[in-house]
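The structure appears below as structure tokens.
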Amino acid sequence: MYRYDEFDATMVAERVEQFRGQVARRLSGDLTEDQFKPLRLMNGLYLQLHAYMLRVAIPYGTLSSKQMRALAEASRKYDKGYAHFTTRQNLQYNWPALVDVPDLLDDLAKVEMHAIQTSGNCIRNVTSDQYAGAAQGEVEDPRIWCEVIRQWSTFHPEFSYLPRKFKIAVTACDHDRAAVKVHDIGLRLYKNDAGETGFEVMVGGGLGRTPYIGQTIRKFLPKDHLLSYLEAILRVYNLQGRRDNMYKARIKILLNAKGADDFASLVEKEWAAMDAKDVDLPADEIARIRDYFAAPEFEPLPETSAGLDSNSTKNKAFGRWVRTNTHGHRAPGYAIVNISLKPIGGIPGDASDAQMDAVADIAEQHSFDEIRVTHEQNLVLPHVKKDDLYAVYLALEAAELATANIGLVSDIIACPGLDYCSLANTRSIPIAQRISERFADLGVQEDIGELKIKISGCINACGHHHVGHIGILGVDKKGEEFYQITLGGSGAEDASIGEIAGRGLSSGEVVDAVEKLVGYYRENRQDTERFLDTYRRLGAEKFKEALYAAA
Amino acid sequence: MPLLKLIGDRLLPAIEEAKNEVSLEDWRANRIAHPDATALVIPNDADIDDLRCDVSGFSAIILEFPAFKDGRAYSQARLLRERIGYTGEIRARGDVLRDQLLYMVRCGVNGFEIAGAASDGAETALQEFSFAYQASSDGATPVWKRRRNRAAAA
Ligand code: SF4
């Protein structure tokens, strides 16, 4: 894992002091709320329906046990003893008092954490594959490049007042777990035919009111030139992105207005004209960062574990959890463990202080001290010995963290919705809870197989409904909460935007609707088809019929 | 509007004779009509790569920040310094606030039209960070270079 040196530590400490000064100016009345707003927004502090909300950055979703404990401690000390993991691999505190925020940030700075650029129209926290460094078939650890981007983008003087927020995601696997095609810039690290590694650069993906899949503007960028190329993209966007309408200000609108080819040539022209030598990092600095991401010392182990096999037979629930929540690891005898933050009937992404502490302890004991946060609002222990899986399972179960539903119908992404968010049309969380309760039987869920349900409480699409296999969007109809269903979306390497199924449904109808869709799929699927595959094979009409057929 | 100027690494109040301003559009259309112009006002949608005139003779170029959120002129300032090689004063006009001064300075701005109240603490605003991660127009040594220099010295 990356560790701060004195430069990084100084920058974060100075940022806390700067923010402390800004908060003091606000509390003394020197700054009005209007003047304070842009300042707090640069530091992840939002004013929500009922209180301030602080968003803490978890760079590329990687945490140490010590950091997780500090997050738990802060939730006890400054909040209500829980925190919320977000779709951008970040963490949110929903109830901090303004006067406490500088102290909270001070506590986090001690464990190399901060809230820098978690909001505002700047380059946001870079996200990545939650299995980075553990996944099979990875070209190299994408977090090396995330860290390179983190440093470059931190307090970037030119790109802190962009037309709109800016999100970058990096993956280094064929199977895209970072949803790079729905980011302002998506980077896919791969080896070309000549055996060199570089990036495919995709630009202009994004959800919100006008969803777009990112388009490739450069097939292959030699990796050492990443920063200058990013600087060229950002400069074109900063100068030419629309600023007259915040709903048309994202880079996707600029790219689509110009066309991907014309946009690409603007970037190439800027890139050729700039002096890249002080922007791109020299090899020794990249090597310094790379060293931090060296793989841990895995023990030489046989691929299979006798203990795992016998416990899976003895304890059926454990066997199911192994099937649904663990994933193949590159080192023989190891597994990647997913921790579901989607208990049946629970609030997606929430974790209590005790749960965070429990995860920290388990990671320290069994996963080389490492924890990941996923964009699907779950946690990951990246490096667990298969021999230890049963112990890990029991410990997770004791902390009520062993729900065996990763990727299944109750592993739902839901935005905060009307329970917290001032922009919401409808509630999201209760819909997620009711769907999850309807499909409470884990055996049935496993039989249904991979099914991604994503819920947003308004058109801003924070719950990523456009890329849900089943998406649910909250709309306001004469003051009543209504929900529109979209079908066939995907945020993975086969990315697509879901299609609207038909008329909106009342909150009472939504859960039945999901059940009808699932029922139709189960009757009509072939072999090992997922919901999405069956949908794509049979087409939208059949599913719409099933959805709206009179009961 | 009070004016601050960057002298060395300090921001000091400046009193000076009014500039004779000309807009980029007027200057391009008929420069003979503006023999006394000393400051060029560039709107923030102008393409610095395509100025179609020599700007080196102006003692100041004025860039516009119509709202603090509108950050186009940060890029324009860098391009004027780094690509055009303009060495005169680049002055920020508009919604110029204390908490933006550092980024403006880093992008090569060295004159600021700033309202009285907004300039409180302007001096400290430039001192809040000891380092910078990235190279920019202010010539600051980026952190990666400092690391390298330190390693070389060790
Ligand atoms: S999708 Fe809408 S309701 Fe949900 S969090 Fe985003 S802005 Fe709020």
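Considering only residues of the range A:1-17 that are over 23 Å from A:M53 (Cβ atoms) and of a type in the set (D, E, K, R), which is surrounded by the fewest Cβ atoms within 10 Å (Cβ to Cβ)?
A:R3
Only one residue in B:S59, B:S136 is touching a Gly at 6+ places or on another chain (Cβ under 6 Å), open to solvent by 10 Å² or more (accessible area, probe 1.4 Å) and polar (S, T, N, Q), so which one is that?
B:S59 is the lone residue from the list that is touching a Gly at 6+ places or on another chain (Cβ under 6 Å), open to solvent by 10 Å² or more (accessible area, probe 1.4 Å) and polar (S, T, N, Q).
Can you name the residue in the range A:330-360 that is part of a strand (DSSP E or B) and of a type in the set (A, V, I, L, M) and is also surrounded by the fewest Cβ atoms within 10 Å (Cβ to Cβ) among such residues?
First, pick out the residues of the range A:330-360 that are part of a strand (DSSP E or B): A:334-339, A:350-352.
Those left that are additionally of a type in the set (A, V, I, L, M): A:335-337, A:339, A:351.
On the way: A:A335: 25, A:I336: 22, A:V337: 27, A:I339: 25, A:A351: 27.
Top of the filtered list is A:I336.
What residue, of A:R69, A:R20, is within 14 Å of chain B (Cβ to nearest Cβ) and open to solvent by 20 Å² or more (accessible area, probe 1.4 Å)?
Every option except A:R20 fails the conditions.
Every residue, every condition in (1) away from chain B (no Cβ under 14 Å); (2) surrounded by fewer than 18 Cβ atoms within 10 Å (Cβ to Cβ); (3) on the phi < 0 side of the Ramachandran plot, yes or no:
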{"site": "A:I217", "(1), (2), (3)": "yes, no, yes"}
{"site": "A:E231", "(1), (2), (3)": "no, no, yes"}
{"site": "A:N245", "(1), (2), (3)": "no, yes, yes"}
{"site": "A:E268", "(1), (2), (3)": "no, yes, yes"}
{"site": "A:E285", "(1), (2), (3)": "no, no, yes"}
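Just to be sure before I move on: is A:D174 without any contact (Cβ under 8 Å) to a residue 60 or more places away in the chain, surrounded by fewer than 24 Cβ atoms within 10 Å (Cβ to Cβ) and not in a helix (DSSP H, G or I) in the structure I sent?
So A:D174 fails the test.
Among the residues in the range A:434-457, are any buried (at least 19 other Cβ atoms within 10 Å of the Cβ) and near the ligand (Cβ under 8 Å from one of its atoms)?
Yes, there is a match, as at least one residue in the range A:434-457 is buried (at least 19 other Cβ atoms within 10 Å of the Cβ) and near the ligand (Cβ under 8 Å from one of its atoms).
How many residues are in a helix (DSSP H, G or I) and open to solvent by less than 10 Å² (accessible area, probe 1.4 Å) when one looks only at the range A:363-388? Give the derivation first.
Taking the range A:363-388 and keeping what is in a helix (DSSP H, G or I), we get A:363-366, A:386-388.
From what is left, the residues that are open to solvent by less than 10 Å² (accessible area, probe 1.4 Å) are A:363.
Going through the range A:363-388 one residue at a time, the tally reaches 1.
Which one of A:A492, A:A461, A:A513 is away from the ligand (no atom under 16 Å from the Cβ) and over 24 Å from A:A549 (Cβ atoms)?
A:A492
So which of B:A73, B:A39 ends up being touching a Leu at 6+ places or on another chain (Cβ under 7 Å), open to solvent by less than 20 Å² (accessible area, probe 1.4 Å) and of a type in the set (A, V, I, L, M, F, W, C)?
Checking each option against the conditions leaves just B:A73.
Please return the ranges of strands (runs of 3 or more DSSP E) entirely within the range A:1-97 where 2 or more residues are touching a Pro at 6+ places or on another chain (Cβ under 7 Å).
Passing ranges, in order: A:52-56.
Quick check on the range A:152-162. Is at least one of its residues more than 14 Å from chain B (Cβ to nearest Cβ), touching a helix residue (DSSP H, G or I) at 6+ places or on another chain (Cβ under 7 Å) and not in a strand (DSSP E or B)?
Checking the range A:152-162: not a single residue is more than 14 Å from chain B (Cβ to nearest Cβ), touching a helix residue (DSSP H, G or I) at 6+ places or on another chain (Cβ under 7 Å) and not in a strand (DSSP E or B).
Pull up the range A:391-424, narrow it to residues that are within 16 Å of the ligand (Cβ to nearest atom) and surrounded by fewer than 23 Cβ atoms within 10 Å (Cβ to Cβ), then point me to the one that is farthest from the other protein chains (Cβ to nearest Cβ). So that I can check it myself, show each step before the final result.
Start the filter on the range A:391-424 by keeping residues that are within 16 Å of the ligand (Cβ to nearest atom), which leaves A:412-424.
Now narrow it down to the ones that are surrounded by fewer than 23 Cβ atoms within 10 Å (Cβ to Cβ): A:418-424.
Working: A:L418: 28, A:D419: 29, A:Y420: 25, A:C421: 22, A:S422: 20, A:L423: 18, A:A424: 24 Å.
My answer is A:D419.
The values are calculated or read from the model by the stated rules, or taken from the named source; none is laboratory data. What you see is a predicted model; the values in this text were computed from it and never measured. Every residue, glycine among them, receives a Cβ derived from its backbone with ideal geometry; neighbour counts consider all protein chains shown. Accessible surface areas use protein heavy atoms only, side chains included; no ligands, DNA or RNA. Shrake-Rupley method; radii C 1.70, N 1.55, O 1.52, S 1.80 Å.
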